[in-house]
Amino acid sequence: MKGLWFSLWTVVLSLLLFSCELDGGEAGKALASGENQLYVVSWNVQTFFDAQTSGLEYAEFRGSKSIWSQQLYEHRLERLLEAIEQIDADILVLQEIENMAVMYDISNGLAGRLRGSDSYGWMCFEVEEGSSIGCGVFSRFPLGQKRVHQVDCRTNGEQPQLRPLLEVEVLLGDEENPQVMNLFACHWKSKSGGEDEAAFWQARQEMLLEWQLRRVLSGSTGTGISGTSSVGAIICGDFNRELGEFTVSGKDSGRVLLGTVEADSGWLHENTTSAGSYWYQQQWERIDHVFTVGNLEILHFEALSSGPWVQLDESGNLIPFRYALWKDEGYSDHLPVACLISY
């Protein structure tokens, strides 16, 4: 496994008043039979902590009253490895991973299961200092430069801890025709502190994303590889925002606006039949998204509702098999969302 460390380029968004700068896996893989196609899966894996106490873990994972242990961690890790193997994505984006140590545990576990072109040769990870959880990427394609972008907005009082926007370049094509795709992994502010507060900070996170997308669309790849062309960007993750809370482009009902940038939405693809990825108060929510901009086309999109990560509830609904520490069972309270993309 090649654990790549990338040079950080932290872009700080200043919004001060005096300064403003700008198994469903098998179905998806069956479709990915042509050239220039990527099968991308994004999954919030629900507070995936290791067994080492840092003091930043959520309360149920630390302290003398917690039952969390090395054995429980290994059990949970084994289930995740089985799920990742079954999902079989070309690029896997995970939210709510505690640290790089967990990424290495996943990587080492997958190395014993996957061989050759099925293995993940590249990965990266980012978490805000002092934060409990971050985002990670596993890829079968080489990864280039990593950038980390963060909102810095203190005109509205104390800023809550916000997960940074992780950007990494996926190197496609070959030596004769090098191409790069910019991947943005997002995990926006939750509504746990109230909808108004969430809306305020999500708007700032959306603005930050918009500016970076405009940079990509302008042709600035930053790879340093002569002749490299950009095919656009894919944006995915847990946005904690329902599809209906995005502005739909007036030009095309299959597109939404990320700030002022038009993006194709997986949920709005004409062949999508999935009802949602997050089951909340007996209803589906579409808060896990995959968007594309540039010369990328969404061929297929779905929330993966076939696999050990789903279960039947008392009413017969097939819902996410939420992880329950006290039962030592389950996976996540989100379904993975999968997108087949051509470039």
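The values are calculated or read from the model by the stated rules, or taken from the named source; none is laboratory data. Here the structure is a predicted model, which is why all the values come from computation and not from measurement. Here Cβ is always computed from backbone atoms with ideal geometry, including for glycine, and neighbour counts include all displayed protein chains. Heads up: the accessible areas ignore ligands, DNA and RNA and are worked out on the full protein's heavy atoms, side chains in. Shrake-Rupley method; radii C 1.70, N 1.55, O 1.52, S 1.80 Å.
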Given axes a ≥ b ≥ c from the Cα gyration tensor, I'd like to know whether region 66-222 is rounded (a/c under 1.5), prolate (a/b larger than b/c) or oblate.
oblate
Any idea what Rg and Dmax come out to for region 71-126 if you just take the C-alpha atoms, in Å?
10.9, 31
Per residue, accessible area of the chain with a 1.4 Å probe, heavy atoms of protein chains only, in Å², comes to 44
For the chain, compute the orientation-averaged projected area of the C-alpha convex hull (one quarter of its surface), in nm².
18.1
Heavy-atom accessible area of region 53-187 with neighbours in place, 1.4 angstrom probe: carbon+sulfur share in percent works out to 43
D174-E195 pseudo-label distance in nm [points 7 Å out on the Cα-to-Cβ vector]
5.4
Of P160, V148, G136, which is farthest towards the positive pole of region 102-171's charge dipole, taken about the Cα centre with +1 and -1 on the beta-carbons of Lys, Arg and Asp, Glu respectively?
G136
Hey, what number do you get for the chain at 222 nm if only DSSP H runs of n ≥ 4 count, each worth -39500 (n - 2.57), divided across all residues, to the nearest 500?
-6000 deg cm²/dmol
How far is it, in nm, from the label point at R154 to the one at E85 when both lie 7 Å from their Cα along the line to the Cβ?
4.9
Return the distance in nm (one decimal) between the two label points of a simple spin-label model at L257 and Q70, each offset 7 Å from Cα along Cα→Cβ.
5.5
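Just the number, please: carbon plus sulfur as a percent of the accessible area of region 272-343, 1.4 Å probe, no ligands or DNA/RNA counted.
Values: 1350 of 3190 Å².
Here carbon and sulfur together make up 43 percent of the probe-accessible area.
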